[in-house]
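Have a look at the structure below, then the notes.
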Amino acid sequence: MALTDDNGLCSRLDVRTKLAVLLALIVTGAFVKDFAWGSMVFAFACMLTFAIGRRKMALSFAASYVLIMLVFWVTLSLPRSVSGAMGSAVLLARTCMPVFLFAAAFVSSTKIGDLTAALYGLRLPRALVVPLAVCVRFFPTLGQEAGAVLTSMHLRGLGLSPRNVVAHPVLTFESLLVPLMLRCAKIADELAASAVARGIDRPGLRTSYSPIRITAADVAVLASTVAWCAGVAAAKAYFEGGLVV
């Protein structure tokens, strides 16, 4: 039986709950950066993402996390002049993994109408809501366009492979970046037209077809997140004598 993603619980969670979970992971990640405690935060993010239906996403991020740690351990054996920069980059990637994982689940399961309705319900200003809604739509669309560009490059024999990068660096990157830049401009125009058609500049209260309300599942997810993150931060402070940003 193939492992697939389920849109059920992840899509039914209130947008405000998902934003609160994301904020909790960001704050915890700012204080918990070392391998042991940071891995506990990432493990919780994986379990939560898996539990709410994003199974393939959780497993793929877990595999990427293991790969990042292998790269980090390899950098420890390199000369100090090389390992310093590489180790810092790998450490940054590992620290951000819990946030990236749940952010990906958030973006893939949240409708723009639900997001804007929830943000307006939080009394946030339009100057903040509109750019955030556009960003949530822009990057997934750009990812789909990048996949189409890579497929086209592969059909032309210019796939993004180490051999092509070494043999034809200029042609390879030109074939990738030029279409992406053109598509970025096109996506921006399409999103602007879509926003105007949906009445984004209309004054008044925004509503959503989907009911925006907190359920028992939201309470359980938020409580478990706060308990786990607070527990990890408290344990780190107890055993290591404090928290340092």
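What follows draws every value from the coordinates through simple rules; no lab data is involved. Here the structure is a predicted model, which is why all the values come from computation and not from measurement. Please note: Cβ atoms are built from the backbone with ideal geometry, for glycine as well, and neighbour counts cover all protein chains shown.
Once C-alpha pairs closer than 8 Å and six or more residues apart are averaged by separation and normalised to the residue number of the chain, the relative contact order reads 30 percent. Which of the DSSP-defined H helices in the chain satisfy a minimum axial length of 15 Å, computed from C-alpha atoms, and a minimum mean Kyte-Doolittle hydropathy of 1.6? In the chain, the long hydrophobic H runs are 15-31, 35-51. Here the translational diffusion coefficient of the chain follows from Stokes-Einstein with Rh set to the Kirkwood radius across Cα pairs; for 20 °C and 1.002 mPa s it amounts to 103 µm²/s.
Listed by chain and number, the lysines placed with their C-alpha closer than 27 angstrom to that of residue 236 are 18, 33; residues fewer than eight positions away on the same chain are left out. Residues 209, 120, 65, arranged from fewest to most other Cβ atoms within 10 angstrom of their Cβ, appear as 209, 120, 65. In plain terms, the bigger the Kirkwood radius, the slower the diffusion; for segment 92-145, with that radius from Cα pairs, at 25 °C and 0.890 mPa s, Stokes-Einstein puts D at 200 µm²/s.
Under a Gaussian network description of the chain, with springs only between Cα atoms under 10 Å, the residue in 98, 203, 140 that fluctuates furthest is 203. Using the Cβ of residue 39 as centre and a radius below 14 Å, the other residues enclosed give a net charge of +2, where K and R count +1 and D and E count -1. For the chain, the residue among 170, 116, 101 whose Cα projects farthest onto the positive side of the dipole built from Cβ charges is 116.
Bridgeable lysines around residue 186 (alpha carbons under 24 Å apart, same-chain partners fewer than 8 residues away excluded): 111. Placing +1 on the Cβ of every Lys and Arg and -1 on the Cβ of every Asp and Glu, with nothing else charged, gives segment 125-198 a dipole about its Cα centre of roughly 120 debye.
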